[in-house]
Amino acid sequence: MRALETGLLTSTSVLANAPAAAAALAAWSRLYGVHRSSALPAGPTRLRIAGGRADCDLGVHLNLTQGRPLTPDFPSALLDRRGCFPGIFGLFAKLGHLPPGTALGTRARRTAEAIAAELQAQIEFVTSHGIAPTHVNGHQYIELIPVVGEIVIALARECGVATIRVAREPQILRYARPGVGWPLQAFLGFVKRRYARQFARAVAAAGLTAPAAFFGTLHAGRISRALLENYLTCGLAYSSVEIAVHPAELAEADNVPMEWIDPLATLRPTELAWLCDPTTAERITAAGYELGRLADLAAPVPHQDRTRRVA
């Protein structure tokens with residue numbers, strides 16, 4: 001909420017099965033009311049570097065890897081011993097071999113139907129609060145698993161959501177900054193990119209929209225001011241770039257259920273700080289970009305509009 005109100009964050013998404021989801025949606029509604037009254041503290045800065053647009057977008061962060069399902073009959077084979085989602089590696093081990101489409105056998109098709117019901121319930125949790133989501137994306141990039149990606153695309157079309165995240169991050173090594181765990185992070189980044197290319201084709205075939213490029217698959221929770229500037233000035237030229245960040249303040253963890261312990265907790269304040277730093281806006285404009293929104297992508301951009309956007 002701070003990054004939306006006083007910083008440069010323009011799009012966020014909610015984990016519908018998380019403990020504070022209802023509170024988050026209530027906070028969003030209050031914030032959006034303030035925004036509509038043009039009283040956001042960051043409003044003037046947003047307008048100055050966003051071509052006259054300062055809206056905020058809310059989407060659904062579809063989840064099959066953390067917490068517990070919303071649907072009571074979700075397959076136990078896709079849960080751990082505690083009845084929780086199994087994490088991204090566990091999910092991929094169970095579903096990564098399944099192809100999308102009609103090639104699924106009977107058992108796999110029932111699994112796909114259960115996944116679709118769960119993800120639909122997560123979207124309906126948001127819409128039941130009177131909010132129409134502008135976009136969808138997947139927690140820990142679950143949409144890159146082919147059978148899940150097909151379901152996500154179908155649900156987006158059914159629900160009238162025009163924009164989907166495509167974590168297609170080209171030319172990673174031109175701006176990456178190796179750090180702790182770098183070999184594994186680099187390997188996972190290239191794996192994500194491979195699956196993202198396949199997912200991008202499916203998204204385009206479905207007539208949905210996504211930013212032209214993505215930044216964040218390699219540096220989750222670790223995007224510093226220096227890394228952001230390195231990315232913006234390294235010479236990559238795309239009409240739109242989605243920068244994925246994880247801003248937050250440190251919170252008391254005493255009452256947090258074990259399945260919601262946050263591995264990025266200590267890193268999140270750094271990203272919040274540069275999002276709310278006034279000089280960040282200047283660095284974006286100096287690199288030739290303007291602030292964008294995911295919802296803007298749903299509307300055709302005039303051919304003569306060559307402005308590059310970051311969201």
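Things to note:
- Take the conditions (1) at pLDDT 85 or above; (2) part of a helix (DSSP H, G or I); (3) surrounded by fewer than 13 Cβ atoms within 10 Å (Cβ to Cβ); (4) not basic (Lys, Arg); Pro183 misses just one of them, which is (1).
- Single condition Pro69 does not satisfy, out of (1) in contact (Cβ under 8 Å) with a residue 60 or more places away in the chain; (2) surrounded by 15 or more Cβ atoms within 10 Å (Cβ to Cβ); (3) not in a helix (DSSP H, G or I): (1)
- Restricting attention to segment 28-72, the residues that are under 25 Å from Glu252 (Cβ atoms) and either modelled with pLDDT of 95 or more or within 19 Å of the chain's Cα centre (by Cα) (or both) total 7.
- Residue count for segment 140-173, restricted to those that are surrounded by 22 or more Cβ atoms within 10 Å (Cβ to Cβ), closer than 21 Å to Pro69 by Cα and touching a residue at least 60 places away in the same chain (Cβ under 8 Å): 5
- Checking each residue in segment 141-150 for being out of contact with any Gly (no Cβ under 8 Å at 6 or more places or on another chain) and under 11 Å from Lys192 (Cβ atoms) picks out only Tyr141.
- Of all residues in segment 80-113, those that are aliphatic (A, V, I, L, M) and surrounded by 17 or more Cβ atoms within 10 Å (Cβ to Cβ) total 6.
- Residue tally, condition polar (S, T, N, Q) and not in a helix (DSSP H, G or I), over segment 117-168: 4
- The set of residues in segment 86-116 being outside any helix (DSSP H, G or I) and either at pLDDT 95 or above or under 29 Å from Ala22 (Cβ atoms) (or both) consists of Pro86 alone.
- Positions within segment 258-277 being surrounded by 12 or more Cβ atoms within 10 Å (Cβ to Cβ) and more than 21 Å from the chain's Cα centre (by Cα), in sequence order: Asp277
The values are calculated or read from the model by the stated rules, or taken from the named source; none is laboratory data. Only a predicted model underlies this, so the values are computations on that prediction, with no experimental measurement involved. Positions of Cβ are generated from backbone atoms using ideal geometry, with glycine treated the same way; all protein chains shown enter the neighbour counts.
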